[in-house]
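The values are calculated or read from the model by the stated rules, or taken from the named source; none is laboratory data. Since this is a predicted model, take the numbers as computed values, not measurements. Note that each Cβ is placed from the backbone with ideal geometry, even for glycine, and that neighbours are counted across all protein chains shown.
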Amino acid sequence: MDDSETIQPDGVTTDEVIDSSDEGDLTLEGTKPTIKLDKNDRSLSEFHRWYTKDRIIVDPEWQRKYVWDRKRASRLVESFLIDLPVPVIYLAVNDDGKYEVIDGLQRLTSIFDYFENGYALTGLEIRKELVGKQFSELDTELQSKLEDATLRTFELSQTAPKDLMFIIFERLNTGGMALNDMEIRNCLYRGGLNDLIKELCQLEEFKNSAGQSGLDKRMADRTLILRYLAFYQMTYTKAKKGLKAFFNEFFTTYRNPTAEKTKEFRGAFKHAMRACQTVFGNKAFRLRRVYEKGGGEWASRINASIFQVISVSFNDYDIGIITRSADSIYEAYIDLIEADERWVASVTAATGDYSRIEYAFETWQARLKDAVSGERANDAVRLFSRRLKEEMFEADNSCSICGQKIVMLNDAALDHNLQYWKGGETVPVNARLAHRTCNWKRGKGV
């Protein structure tokens, strides 16, 4: 292993969440669906009237934000004025009978802004005499020509199944940056659940435990909360058909939860985030960069698969138990990511595969149960306290097994001199400092 982060491929910016599954693909079951797309040629003035009457939704809440500069917008206007073809736009009729833009946000917003004198034309190549003119400054003939110009639309019926609409959104959204899965859901599943997810993003408990800035970009924070709520409510055993279908099913079922269910979701999420912060501080839901020459550090970005496993698992335990067992839980997690290569692989590659989801949940749940368990056959406590480890590390950071220096505290473990399973007690006189890997190899008989 070299000095680079080996847990994920390169190319993810610091404000993103690590997740290599991309939720996989959807499989539509049953009879082959019929896609009904109505074709219409609508005038720009009709679109603008819809916009002013709130009949068409061009909402950056679920669409990517408007990114065209004035030069590009101006040349679109020029195209209409000189009768150049403009690409079609795609709309979907929602449950309220309103039109939502699948593909065409930039074009429509450019037209609406110009009709409302939001900018003056610039950068024109053919009608250069119009440079500097707002819509109100055009002569009447040109205003009418622009208002009467048409855009061809393909309009998706509101009766289309949600999973089918999801696939259509994915394929038709062809802008400079296509919508991601959460942005599509935020459009398709408007309602109380979406509102709750948006609210939970603002919780201090969530922000503090996440410890990562920029999560609101492209709804990465909402994606994490969706994962928590879906696995909390439906459990990982329902994810056998893939994560995309799993999350869509959850949204369909709980799109408008009752007041009681909303209260339950809110309380459970607060509990989970408080527990995560108690145990991990602001370094929760991460793996560690491990260096060949020893030492390591926590990754800067949250791992989405770890988030769903760790956060949901804490709802099985009272916050008091978690608080009293915080050191043990922390050590159990460090040991897991250092010693269990299969678990690390399960949360870093092909993470939408059900066998990997199952292994990640069951393995951590067993570790957590062991860490918080009470009375033991030969000792009340199996794991040494973190404070004792810190004291021994400060006194002498040599590994008692290999004799080499332990560079980082998190690379160290307190080992039972007389092994626990042989009756060794968890008391300071029976503790010795060792590399985690050395301690693990000893336990495996290596």
So is Ala275 among the small types (Gly, Ala, Ser), closer than 19 Å to Ser373 by Cβ and in contact with a Leu (Cβ under 9 Å, 6 or more places away or on another chain) or not? no
Among the candidates Glu78, Glu141, Glu129, single out the residue that is within 15 Å of Ser45 (Cα to Cα), part of a helix (DSSP H, G or I) and of a type in the set (Asp, Glu). Glu141
The range 151-174 residues that are at negative phi and buried (at least 19 other Cβ atoms within 10 Å of the Cβ), paired with ones that are at pLDDT 70 or above and small (Gly, Ala, Ser) (beta carbon under 6 Å, 6 or more apart): Leu156/Ala92
Whichever residue in the range 84-137 is surrounded by fewer than 15 Cβ atoms within 10 Å (Cβ to Cβ) and polar (S, T, N, Q) and, among such residues, is farthest from Ile184 (Cα to Cα): Ser136
Is it fair to say Thr13 is in a loop (DSSP other than H, G, I, E, B), surrounded by fewer than 15 Cβ atoms within 10 Å (Cβ to Cβ), at pLDDT below 95 and under 22 Å from the mean Cα position of the chain (by Cα)? yes
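Each row is one residue, and each column tells you yes or no for (1) at pLDDT 80 or above; (2) outside any loop (DSSP other than H, G, I, E, B).
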residue	(1), (2)
Val407	yes, no
Glu425	no, no
Ala434	yes, yes
Arg442	no, yes
Pairs with Cβ under 8 Å, 6+ apart, first in the range 118-129 and aromatic (Phe, Trp, Tyr), second crowded, with 16+ Cβ neighbours inside 10 Å: Tyr119/Arg70; Tyr119/Ala73; Tyr119/Ser74; Tyr119/Asp113
Among the residues of the range 228-243, is any β-branched (Val, Ile, Thr) and surrounded by 20 or more Cβ atoms within 10 Å (Cβ to Cβ)? no
Hey, Leu151 hydrophobic (A, V, I, L, M, F, W, C), at pLDDT 75 or above and out of contact with any Ser or Thr (no Cβ under 7 Å at 6 or more places or on another chain) or not: yes
Single condition Tyr51 does not satisfy, out of (1) closer than 28 Å to Ala220 by Cβ; (2) outside any strand (DSSP E or B); (3) not basic (Lys, Arg): (1)
At least 2 residues that are crowded, with 22+ Cβ neighbours inside 10 Å and under 19 Å from the mean Cα position of the chain (by Cα) in each: list the helices (runs of 4 or more DSSP H) lying fully within the range 250-346 that qualify. 259-280, 304-313
In the range 347-367, residue nearest to His435 (Cα to Cα) [restricted to those that are of a type in the set (Gly, Ala, Ser) and surrounded by fewer than 17 Cβ atoms within 10 Å (Cβ to Cβ)]: Ala366
I need a count of the residues in the range 117-131 that are of a type in the set (S, T, N, Q) and more than 10 Å from Lys71 (Cα to Cα). 1
Assess whether Gln106 counts as being in a loop (DSSP other than H, G, I, E, B) and at pLDDT below 95. no
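If I go through the range 195-219 residue by residue, how many of them are surrounded by 15 or more Cβ atoms within 10 Å (Cβ to Cβ) and in contact (Cβ under 8 Å) with a residue 24 or more places away in the chain?
Final tally of qualifying residues: 16.
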